[in-house]
Amino acid sequence: MGSRRKFSREFKVEAVKLVVDGGVSVAQAARDLGIGENLLHTWKRKYKEDASFGRLSRLTPDQEEIRRLRRELKQARQDQEILKKAAAYFAKESQ
């Protein structure tokens, strides 16, 4: 079973810049970098839609960890709300 490759933000930005600023086609850049065309198209779309995508992170490791933990906390709270609603629904149905 294969594992998913992870790419750094810097790699993604540089790959997109090859296409956007360097005049290289998506197909050629993808071949040269050993990645899929669809993946590069996705990165390119995010680069154009999200201004923060192209900026390299200037956060300290502690700030990065705080950001990650806040995202995890937000997801956990959303999951908890869904579970509360589901429990209330099933409790009501069983009566």
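The values are calculated or read from the model by the stated rules, or taken from the named source; none is laboratory data. Since we're looking at a predicted model, the values are computed, not measured. We place every Cβ from the backbone using ideal geometry, glycine too, and count neighbours over all the protein chains shown.
Structure summary
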quantity: In the stretch 1-29, the residues that are more than 15 Å from Tyr47 (Cβ to Cβ) and more than 18 Å from the chain's Cα centre (by Cα); calculated: Met1, Gly2, Gly23, Ser25, Ala27, Gln28
quantity: Subset of the stretch 67-95 that is at pLDDT below 90 and under 30 Å from Phe11 (Cβ atoms) - its residue that is surrounded by the fewest Cβ atoms within 10 Å (Cβ to Cβ); calculated: Arg68
quantity: Failed item, numbered, when Ala51 is tested on (1) under 20 Å from the mean Cα position of the chain (by Cα); (2) part of a helix (DSSP H, G or I); calculated: (2)
